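The values are calculated or read from the model by the stated rules, or taken from the named source; none is laboratory data. Computed from a predicted structure; not experimentally measured. Cβ atoms come from the backbone with ideal geometry, glycine included; neighbour counts cover every protein chain shown.
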């Protein structure tokens, strides 16, 4: 049974939840863990050697059932800016959220303080309700979820109930079912996943019982297999990955064997290699990274032994970082969402005063922050998804005393 409580104290720590079995198990039981109750994310989503040895291990194609249960549709207005909407069936954090082509939001896995979950649910913005959908083959938390060009969602890695995972599976929105696909070459969690312009999915870093990883691998949607690619210069987890307008992927910060990192690197999908780029002014992990309309990348918050309110901007044209206006609240374990109007909404997390429900906007035009209405619940390890109607859906997370099943809209 996993101990997620060690990471919920009000002071930052590099200690991480670990499974009861620390072995790097690459073949795990697909038992359906549905006991009630984390990303990056995700939303979110790299150093020089160029190895391209392929991994063609593909697991058998098993599909889970798609049971259907609907939550109540109570929608009430509370604090300014935020509206309470339907609740998920199980309180959870460390889960993922993905906005589908049909406008619905898929959340997968996570943890509620005990075992990881294999349960997935769908949010319907038209009704404000959640419906359970097919269960994943593997219970997992602190995994990644990537929306593919074909509309399916690829879930990879994470922390299971018997150890770290290298398994991956695909969700098909048209059937509401999951199908297992090829395994990654390494078991990993607290990694990142980025969908590239060529349709491949790049997974980087993470950690397992052997330590932090600098390895990276590519998932091919056409073959359902993984191939290793160049390794990062620095092994890291709890970092961020941002796909730039020029097609490169920017990896920033995180936690390595020697502590918090300020280093950054770029992955070139054409060559399969990594190049170091400018360092951030502040080392940090559990931060967020948001790609702005002007092409810059905004990094916010995180920790390096203390909570941070300092953001930084990466300029792909110069390969350098510059500081920008500070947030009103220092925070980590928060979310950041780039809105259609160009503003970035930061919400929740953990700060100097404990669990946060505060939210604030970053304006790229002025480089300044403006506070907005607070969420109805304090939460960290939650997810945030931008809907087709422009609203932001925040779901789950860990509150001041327990995991949450509540959702709210900004």
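Specify the residue that is farthest from the chain's Cα centre (by Cα); the eligible residues are those in the stretch 368-384 that are part of a strand (DSSP E or B) and within 19 Å of residue 399 (Cβ to Cβ). Taking the candidates together, the pick is 380.
Within the stretch 282-301, which residues are in a loop (DSSP other than H, G, I, E, B) and under 20 Å from residue 244 (Cβ atoms)? Of everything in the stretch 282-301, those that are in a loop (DSSP other than H, G, I, E, B) and under 20 Å from residue 244 (Cβ atoms) turn out to be 284, 287, 292, 293, 294, 295, 296.
Flag: residue 335 does not match the condition of being in contact with a strand residue (DSSP E or B) (Cβ under 6 Å, 6 or more places away or on another chain) and loosely packed, with under 15 Cβ neighbours inside 10 Å. Filtered by the rule that a residue be in a strand (DSSP E or B) and either crowded, with 21+ Cβ neighbours inside 10 Å or at pLDDT below 95 (or both), the stretch 385-408 gives 385, 393, 394, 395, 398, 403, 407, 408. Of the residues making up the stretch 197-211, just one is over 21 Å from residue 95 (Cα atoms) and either in contact with a strand residue (DSSP E or B) (Cβ under 6 Å, 6 or more places away or on another chain) or crowded, with 20+ Cβ neighbours inside 10 Å (or both), namely 200.
Within the stretch 154-186, the set of residues being under 18 Å from residue 116 (Cβ atoms), over 20 Å from the mean Cα position of the chain (by Cα) and surrounded by 21 or more Cβ atoms within 10 Å (Cβ to Cβ) comprises 180 only.
Considering only residues in the stretch 350-367 that are within 18 Å of residue 325 (Cβ to Cβ) and within 22 Å of the chain's Cα centre (by Cα), the one that is surrounded by the fewest Cβ atoms within 10 Å (Cβ to Cβ) turns out to be 361. Are any residues in the stretch 123-152 surrounded by 22 or more Cβ atoms within 10 Å (Cβ to Cβ) and not in a loop (DSSP other than H, G, I, E, B), and if so, which ones? Scanning the stretch 123-152 gives 123, 130, 133, 141, 144, 145, 146. Checking the conditions here, which among 109, 128, 113 is in contact with a helix residue (DSSP H, G or I) (Cβ under 8 Å, 6 or more places away or on another chain) and under 18 Å from residue 395 (Cα atoms)? Only one candidate qualifies: 113.
Out of all the residues in the stretch 127-134, is one or more at pLDDT 95 or above and within 20 Å of the chain's Cα centre (by Cα)? So far as the stretch 127-134 goes, no, none of its residues is at pLDDT 95 or above and within 20 Å of the chain's Cα centre (by Cα). When each of 328, 310 is tested for being farther than 22 Å from residue 399 by Cβ and either at pLDDT 95 or above or surrounded by fewer than 20 Cβ atoms within 10 Å (Cβ to Cβ) (or both), the lone residue that passes is 310. Taking the criterion of being in contact with a strand residue (DSSP E or B) (Cβ under 6 Å, 6 or more places away or on another chain) and part of a loop (DSSP other than H, G, I, E, B), the residues of the stretch 254-276 that qualify are 254, 257, 272.
Residues of the stretch 90-121 that are outside any loop (DSSP other than H, G, I, E, B) and surrounded by 21 or more Cβ atoms within 10 Å (Cβ to Cβ): 93, 96, 97, 98, 105, 106, 107, 108, 111, 116, 120, 121.
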